[in-house]
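Student: First, the structure itself, so that you have it in front of you.
All of the numbers you see were taken from the coordinates with simple rules; none came from a lab. What you are looking at is a predicted structure, and each value in this text was computed from that prediction instead of being measured. Backbone-built Cβ (ideal geometry, glycine too); neighbour counts: all protein chains shown.
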Amino acid sequence: MGIEDISWVITAYAIANVIIIPLTGFLAEYFGRKNYYLVSMIIFTGIYMCAQSTGLVEIIAWRFIQGVGGGALLSTSQAIYLMLLNQKTDRLHQACLVWASYSDLLWDLHLVLYH
């Protein structure tokens, strides 16, 4: 097991995100945003299963499943927040939406540049 094998752990999560994000809008409307969000949260907690993995193939599979939950969580949470924002618009809510959208990107950029 080398570094090229470990990269599949990250790639599996990214591939799962690419697959689920375009489907999230349809699935959230079909099952209901709240139900879909809760199921996504449960799926994302597969991080526990990643920690319990004993082999590389197993951790790649669990990371893929976690990526499905994570991609759905990100998209659905922003859709729910935007729905609430449309009901009650003020600057604080708009700022929170922008922060939620870009905070992960800024954190990743920080990790890349300074570590």
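Student: Tell me which residues, restricted to segment 16-40, are farther than 16 Å from residue 80 by Cβ and within 11 Å of the chain's Cα centre (by Cα).
Tutor: Passing the criteria: 16, 17, 18, 20.
Student: Continuing with this model, one more query. Write out, first by first residue and then by second, each pair whose Cβ atoms fall under 9 Å of each other, whose residues are 6+ apart or on separate chains, and whose first residue, in segment 23-41, is within 13 Å of residue 73 (Cβ to Cβ) while the second is exposed (fewer than 12 other Cβ atoms within 10 Å of the Cβ) and hydroxyl-bearing (Ser, Thr, Tyr).
Tutor: Here the result reads 36/30, each pair linking segment 23-41 to a residue that is exposed (fewer than 12 other Cβ atoms within 10 Å of the Cβ) and hydroxyl-bearing (Ser, Thr, Tyr).
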